[in-house]
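What follows is a set of notes on a single structure, which appears directly below.
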Amino acid sequence: MIIQRPTGSEHSLDAALSIHDLTVAYHRKPVLWDVDLDVPEGSLVGIVGPNGAGKSTLIKAAMDLVPKASGRVMIYGQPYRKQRRLVGYVPQRESVDWEFPVSALDVVAMGLYGRIGWCLPVTRKYRDMALAAMERVGIADLAHRQINQLSGGQQQRVFLARALAQDARVYFMDEPFAAVDAATEKAIVQLLRELRAKGRTALVVHHDLQTVAEYFDRVILLNTRLVAHGPTTQVFTSRNLHETYGGRLNLLDEAAEAIGRQKVTA
Amino acid sequence: MNAPRFLLAAACLLLASTAHAADTAAWARVLFLHDHNTRVVVVGTSLLGLTAGVVGSFLLLRKRALLGDALAHATLPGIAAAFLLGEAIGLQGKSLPLLLTGAAVTGAIGLGAVLVIRQLTRLKEDAALGIVLSVFFGVGVALLGIVQKTPTGHAAGLESFIYGKTASMLRSDAYLIAGAAAVIAGVCGLFRKELALLCFDADFAASQGWPVRALDVLLMMLAISLTVIGLQAVGLILVIALLVIPSAAARFWTDRLGLMAATAGGLGAAAGYLGAMVSALWPKMPAGAVIVLTAAAFFMLSMLLGPARGILPRAFRRIALAHALTQARRP
Amino acid sequence: MNTPFVWMWDLDGWIIAAGVLCAMSCALLGNFLVLRRMSMMGDAISHAVLPGIAAAFLLSHSRDSAWMFLGAAAVGVLTAVLTQGVHKLGRVDESAAMGVVFTTLFALGLVMIVRAADTIDLDPSCVLYGSLEATPGDLWLLGPWLVPRAVVILAAVFLINLTLVAVFFKELRLTSFDPALADSLGISASAMQYLLMTLTAVTTVASFESVGSIIVIAMLIVPAATAYLLTDRLGVMVTLSLVIAALSSVFGHLSAISVPRWFGYVDTSTTGMMAAVAGLFFGAAVIFSPRQGLVTRWLRRTRMSLRIVRQDVLGVLYRVRELHEQTMPTNVSASAGVDVGKISRAVGIGRVTAAFCLWRLSKTGRIMPDPDGYQLTPTGLEEGRSLVRSHRLWETYLRDHLALPADHLHSPAEKLEHFTGSRMQARLDVETQHPRVDPQGQQVP
């Protein structure tokens, strides 16, 4: 306690997203340990790691959807809470009930609710904007379908269109490539590149190691702790991958377990 | 959708069946609301059904259909305690606004208890609902037992809140229901976009900065208010039916939230209207129960025939698709 | 009005006996309902048996007939079947399907009862909250004894439930825990479910006129849920739920005849009070449960943070001493004492907490007073040294194995040091290759 932590960790102010000392614990187990990273504007970042490594938790904690044990999240140098409108979210497809009685267009328009404001109706103008977003992911002709009549890939594109309609600067995407057809996968990659060309930033939870180097400029290797983060060419090495997917650190795990045990039975 | 046309047909059918039971003049009087008393009751129950359908749609889509059950049971101790309180401070015991305020208070406490149990223990939603429902109702029964033994309590007829006593509805009660129903329906309409977002994708809503918790509380408050005004008409056990049945039935008719809420409102209103009339026409027909049975009949028809998700239309579409496939395969 | 109540064995005794038997019959089944997340099924069935009861009445014109049990069991199973039907065929959310089915059946029963009010004497409110107080009035001759009918019936139901639960305990446990595995082992989960539903319905019917269905709902859920908060073992949970159910009945009746008197009333419904007392037990479990309780969790957290604070105090005293030795190596024996104010600032706690921790530490012989405040005893010195050693080893470990930057080492180490036993410390030492100094350049003691 006497040793004061050196202040002023050098995080660049112009980073689209910076995460400081983020720690998240569910019940007793730490899910994320002291994650610290900066993402420059206009980059496509893949978040990679084994199951249970805390990939989804990282983006959910960044958006305050799960409580943080500690840490700060800044969007363009300002706290996340002030910058919510700059952040777009594409949740996992299974996170909602696709039997819900709305059309694809209704879902996409939800991305505009913030701009429409409290209690005001979704007018023609906003419906057109939503339709334009659907056009960009190639599903404009499905606008009036009920959402459970769409295929998995089409549903994923509806979610993407919703985030697009919002016209955010930073996008968090939770496994958009999970169980989609080849055409959708191509469309998503195309879209990500368009976003990058416009200076948008996207963090994408990704499972397929084969495609990481092709799709993303930067990669975050995660296994409860941050194993490595940086440009894909430098960081996406077999050594780092081995460390991410191979061994967990026994002592650290044991200590974490001891903390949990003490908290429950002490 | 041809929901309205279907409803009209159903109404006619039901009326026709009533017709030969009572004499023609009587049912005509009732049908066209000549009789003042009937008019009050019918208008009250129809408005109640309408609003319950709308609120119920959101509850159903939020997957909280049975929360209404726990809330409704949790109103009983409030009613009895409010009566005792009224007695103690020298009010005339059965003042409806006081009783309903008591009901709303314990209903809200019950809701809070459900949330606390779910949050702080490892019990799941179903157990939380069951515990609140039975314990609050038990406390209510115990308080009611005390009320029964007070000099005025027995005559007050508080049990009518359990099963409902539509026929005794006064003009002022009908006004109360009408006013509250209009406010509740209005709030639903005003916040329909926000409530829809909450029900569909609460995480996304939260990521966009919508106050998800406050919206959830708003929805629960609407449910409590509706339960409280429904107590007198249909009673606390059957008011849950008005929240669940019309909205579940409406889901078979359409794939659009707005239309679903409207259809649910329509079905609820029709059930309230027909049920109250049947009860007025025939002796020994408790209105609350008849309203629920009418709504249940709508539900069965909807489940069979509803164009969007009904069993028969779905089966028909499947057969048509199979047929089209075999046709296509032929050279 | 304020005369004390008079206890009568052949009145109150029988009421309690009926209540206890009913409550235990329900609680027994409730364990499996709660574990299967089907608590609301108990609520649904106990409402839905109304038309079964009414139909049996209309057919047999009497209350005590096998018809009644058959009718009720049929409706109980029907509720489950219809709910599943609406859920699967209509693709309606399961709890909504349940809501549709049981309210409809209840309404149907209500209409039947009101329609037939002339021919049968059945009051719907009696079905709901019973008239336990009337139990001793209706006696059966059982051998040489006169026993209330309700007690005989409820005892029989309890024995049936107990036997079936005992016989199928293994199957019920497996199907409640993992229905898919059970099915793969050839134990039908749905058969067990219908067994539970049938027993629930039969218990409801046996209870309805004496104790009422509200007590059935309460006893199906509350004792089992309370027991679930108290233990992790199914056998213990079942036993506890039976005890809680029985106690709720006994205290429920006692408070029904005593509590209202404190407020100047006569007495009240026993069944209502039984549910209320069960609710009190549940509330107590939420707050005081040895593992899950709010108070116990709070106490545990406080105790742990106090332990951490005490260790931090030792660490501070050790570091002060270390600094002292470095700056004045010649005069080791001079005072390295620290007063309360400095300690509270260094550890970041209030003066009261600091004083309390110092008192505890000196009482356990880890520190002793000295002219400037306090300093370490040999025991305290050893513990402080070990803590600081853990801290510095962890910093080294985190740097070497996690490649954390230097400014990120302190805070995790600060946390980990308190949970590092001697074995873990030795392994840390090995894995960091016995460092002499830590990343901050300080000696590893």
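The values are calculated or read from the model by the stated rules, or taken from the named source; none is laboratory data. As the structure is a prediction and not an experimental result, all values here were calculated from the model. With ideal geometry, Cβ positions are generated from the backbone for all residues, glycine too; neighbour counts draw on all protein chains shown. These area figures cover heavy atoms from the full protein model, side chains too; ligands, DNA and RNA do not enter into them. Shrake-Rupley method; radii C 1.70, N 1.55, O 1.52, S 1.80 Å.
If you place +1 on the Cβ of every Lys and Arg and -1 on the Cβ of every Asp and Glu, how big does the dipole about the Cα centre of segment A:18-131 come out, in debye to the nearest 20?
It comes to approximately 340 debye.
Put a dot 7 Å past each Cα toward the Cβ at A:H242 and C:L89; how far apart are the dots in nm?
6.2
Show log10 I(q)/I(0) for segment B:3-329 at q = 0.09, 0.10, 0.15 Å⁻¹, two decimals, from a solvent-free Debye sum over equal Cα scatterers.
-0.50, -0.61, -1.22
Report the charge-dipole magnitude of the protein assembly as shown in Debye, nearest 20, computed about the Cα centre from +1 at each Lys and Arg Cβ and -1 at each Asp and Glu Cβ.
1400
For chain C, take the longest principal axis of its alpha carbons; what is the angle in degrees between that and the long axis of helix C:294-327, to the nearest 10 within 0 to 90?
Orientation of helix C:294-327: about 0 degrees from the principal axis.
For C:E325 and C:D183 in one chain, what is 0.36 nm times their gap in residues minus the Cα-Cα distance, to one decimal in nm?
44.0 nm
Report the convex hull volume per residue for segment C:298-431, counting only C-alpha atoms, in Å³.
Taking only Cα atoms, segment C:298-431 has a hull volume of 133 Å³ per residue.
Can you give me the convex hull volume of the Cα atoms of chain C, divided per residue and expressed in Å³?
246
Just to verify a number: FRET efficiency for B:L115 and A:D208, C-beta to C-beta distance, R0 = 56 Å, to 0.05?
Once the sixth-power term is evaluated, E becomes 0.90.
Compute the signed sum of charges (Lys and Arg +1, Asp and Glu -1) over the other residues within less than 11 Å, Cβ to Cβ, of B:E125.
+4
Please go through segment C:204-299 and write out the trypsin sites (Lys or Arg not before Pro) that DSSP classes as loop and that have at most 15 other C-beta atoms within 10 Å.
Answer in residue order: C:R233, C:R291.
Taking only the alpha-carbon atoms of segment B:123-278, what semi-axes of the equivalent ellipsoid follow from 5 times the gyration tensor eigenvalues under a square root, in whole Å, largest first?
31, 22, 14
Once every DSSP H run of n ≥ 4 in chain C is given -39500 (n - 2.57) and the sum is divided by its residues, what mean residue ellipticity at 222 nm do you get, rounded to the nearest 500 deg cm²/dmol?
-23500 deg cm²/dmol
Quote the accessible area belonging to C:M112 in square angstrom, nearest 10, computed with a 1.4 Å probe and with ligands, DNA and RNA left uncounted.
50
What percent do you get for the relative contact order of segment B:245-304 when only Cα pairs under 8 Å and 6+ apart count?
40
I need the phi-derived Karplus couplings for segment C:77-85: 6.51 cos²θ - 1.76 cosθ + 1.60, θ = phi - 60°, integer Hz, Gly and Pro marked x.
So the Karplus estimates, Gly and Pro as x, are 5, 4, 4, 5, 5, 4, 4, 4, x Hz.
Using a simple spin-label model with points 7 Å from Cα along the Cα→Cβ vector, what separation in nm is obtained for C:A74 and C:F356?
If labels sit at C:A74 and C:F356, their model points lie 6.7 nm apart.
Regarding segment A:40-111, what is the average projected area of its C-alpha convex hull, in nm²?
The Cα convex hull of segment A:40-111, projected and averaged over all directions, gives 6.8 nm².
Any idea what angle helix A:250-265 forms with the longest principal axis of chain A, computed on alpha-carbon atoms, 0 to 90 degrees, nearest 10?
On a 0 to 90 degree scale, this one is about 90.
Can you figure out the FRET efficiency of B:Q327 with B:D35, using R₀ = 45 Å and their beta-carbon distance, to the nearest 0.05?
For B:Q327 and B:D35, the calculated efficiency is 0.15.
Between C:A116, C:A284, C:A354, which gets the highest mean-square fluctuation from a Gaussian network model of chain C, Cα cutoff 10 Å?
Of C:A116, C:A284, C:A354, the Gaussian network model singles out C:A354 as fluctuating most.
Looking at C:V286, C:L220, C:H253, which one has the Cα that reaches farthest to the positive end of the dipole of segment C:9-289 (charges on Cβ: Lys, Arg +1; Asp, Glu -1)?
About the Cα centre, the residue reaching furthest to the positive side is C:V286.
Step through the residues of segment C:214-220 one at a time and calculate ³J(HN,Hα) from phi using the Karplus curve (6.51 cos²θ - 1.76 cosθ + 1.60, θ = phi - 60°), rounding each to whole Hz and writing x for Gly and Pro.
5, 5, 5, 4, 4, 6, 5
Normalising by the residue count of chain B, find the relative contact order in percent from Cα pairs under 8 Å and 6+ residues apart.
Averaging sequence separation for qualifying contacts and normalising by length gives 28 percent for chain B.
Apply the a/c threshold of 1.5 to the C-alpha gyration tensor of segment C:166-321 and tell me whether it is rounded, prolate or oblate.
Since a/c reaches 1.5 but b/c is at least a/b, the shape of segment C:166-321 is classed as oblate.
From the alpha carbon gyration tensor of segment A:85-241, can you work out the equivalent ellipsoid semi-axes (sqrt of 5 times each eigenvalue) and give them in Å, largest to smallest?
Gyration-tensor ellipsoid for segment A:85-241: 30, 17, 14 Å.
Connecting C-alpha atoms closer than 10 Å in a GNM of chain A, tell me which of A:H242, A:H229, A:H20 has the biggest fluctuation.
It is A:H242.
Helix-only mean residue ellipticity at 222 nm, chain B, DSSP H runs n ≥ 4 weighted -39,500 (n - 2.57), per residue, nearest 500. What is it?
My calculation for chain B gives -26500 deg cm²/dmol from helical runs alone.
For the pair C:E382 and A:H144, what calculated FRET efficiency results from E = 1/(1 + (r/R0)^6), where r is the Cβ-Cβ distance and R0 = 45 Å, to the nearest 0.05?
Taking R0 as 45 Å, the efficiency between A:H144 and C:E382 is 0.05.
Once the piece of chain linking C:A191 and C:A166 is laid out straight, how much longer is it, given 0.36 nm per residue of separation minus the C-alpha distance between them?
Separation in residues times 0.36 nm, less the Cα-Cα distance, equals 7.4 nm.
Once Lys and Arg get +1 and Asp and Glu get -1 on their Cβ, which of A:H242, A:H229, A:V170 lies farthest toward the positive end of the dipole of segment A:133-266?
Positive-end residue among those listed: A:V170.
Helix hunt in chain B: which complete DSSP H runs extend at least 30 Å axially by C-alpha with mean Kyte-Doolittle at least -1.0?
Counting only whole DSSP H runs, the qualifying helices are B:36-61, B:67-88, B:96-120, B:125-148, B:212-234, B:257-281.
Beyond 18 Å between alpha-carbons counts as too far, so tell me which of A:K68/C:K415; A:K55/A:K186; A:K60/A:K186; B:K165/B:K284; B:K63/B:K124 fall in that bin.
Beyond 18 Å between Cα atoms: A:K55/A:K186; A:K60/A:K186.
Residue by residue through segment C:168-180, which ³J(HN,Hα) values in whole Hz follow from phi under the Karplus form 6.51 cos²θ - 1.76 cosθ + 1.60 (θ = phi - 60°), with glycine and proline marked x?
9, 4, 4, 5, 5, 5, 5, 5, 6, 7, 8, x, 5
Using a Gaussian network model of chain B whose springs link C-alpha atoms within less than 10 Å, name the residue from B:L115, B:L144, B:L293 with the highest mean-square fluctuation.
Comparing B:L115, B:L144, B:L293 in a Gaussian network model of chain B, the most mobile one is B:L115.
Taking the Cα centre of chain B as origin, sum charge times position over the Cβ atoms of Lys and Arg (+1) and Asp and Glu (-1), and report the length of that vector in debye to the nearest 20.
Roughly 1040 debye for chain B.
Take the alpha-carbon positions of chain A, form their convex hull, and give its projected area averaged over all directions (one quarter of the hull surface) in nm².
If you wrap the Cα atoms of chain A in a convex hull and average its projections, you get 16.9 nm².
Express the Stokes-Einstein translational diffusion coefficient of segment A:102-178 in µm² s⁻¹, to the nearest whole number, given a Kirkwood radius over alpha-carbon pairs, 10 °C and a viscosity of 1.306 mPa s.
Stokes-Einstein gives a translational diffusion coefficient of 128 µm²/s.
Quick one: what Rg and Dmax do you get for the protein assembly as shown from the alpha carbons, in Å?
Radius of gyration, then largest Cα-Cα span, for the protein assembly as shown: 33.6, 117 Å.
Taking the Cα centre of segment B:3-329 as the origin and placing charges on Cβ (Lys, Arg +1; Asp, Glu -1), which of B:A88, B:L197, B:G306 is farthest toward the positive end of the dipole?
Checking the options against the dipole of segment B:3-329, the answer is B:G306.
When only Cα pairs under 8 Å and 6 or more residues apart are kept, what is the percent relative contact order across segment B:65-204?
27
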